[in-house]
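Written below as structure tokens is the structure these notes are about.
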Amino acid sequence: DGLCMPHSPRLHDGHLWYLNSGRGELNCLDLESRQSTVVETVPGYTRGLSIAGQFAFVGMSQIRETNVFGGLPIGQQRDELRCGTAVIDLNSKQAVAWFEFEQGVEEVFAVEVLPHSGPTVLHSPNLEGDDKELWVIPPLKQPVSASPP
């Protein structure tokens, strides 16, 4: 009841986590009490949820005006909506990081955490002749020299 385009339900630590997309929310349902709470609201149409440890990774999209998206509560903030991923600390119930596409991408459909993987490198959209990374997460450490230079 009262949901606005729910998306991406996930069971984690005895709770049902889900996105209330039309309001830009990450919600949590306590399975015993059946009590649902808003954990955090982000500036985007939420789609795609992955949880790793204490962090939720939530996909955020801008919205297009169609019959499907028209009239959603989040549409009232159209100019502030972002496209990217919000990282929400489930302990503090606050967004602690953002990965944002400033141009060229308007929608995120899914978000997945790859456990036990190495650093993630994102390149610019123009891959030909462009070997400069945009982001490396976590930052690569410079090798330590065993002897002075």
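The values are calculated or read from the model by the stated rules, or taken from the named source; none is laboratory data. It should be emphasised that the depicted structure is a prediction, and the values quoted were computed from it without experimental measurement. FYI the Cβ positions are ideal-geometry reconstructions off the backbone, even for glycines, and counts take in every protein chain you see. Remember, those area values only see protein heavy atoms, side chains included, never the ligands or the DNA or RNA. Shrake-Rupley method; radii C 1.70, N 1.55, O 1.52, S 1.80 Å.
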Discussion item. Loop-only chymotrypsin sites (Phe, Trp or Tyr not before Pro) in the range 3-49, please: DSSP not H, G, I, E or B, and at most 11 other Cβ atoms within 10 Å.
Written reply: none
Worksheet item: With each label point set 7 Å from Cα along the Cα-Cβ vector, what nm distance links Asp1 and Ala110?
Response: 3.4 nm
Worksheet item: How do Glu107, Glu102 rank by accessible surface area computed with a 1.4 Å probe, from largest to smallest?
Response: Glu102, Glu107
Worksheet entry | Computed lengthening from Gln77 to Gln94, 0.36 nm per intervening residue step minus Cα-Cα distance | 4.2 nm
Fill in: Accessible area expressed per residue, the range 1-101, with surrounding protein chains retained (probe 1.4 Å, Å²)
52 Å²
Item to complete: Using every pair of alpha-carbon atoms in the range 1-46, split the distances into 5 Å bins beginning at 0 and state the percent of pairs per bin, rounded to integers.
Response: 6, 26, 32, 24, 10, 2, 0
Worksheet entry | Sorted peptide list for 78-90, 3-15, criterion being average Cβ within 10 angstrom, highest first | 78-90, 3-15
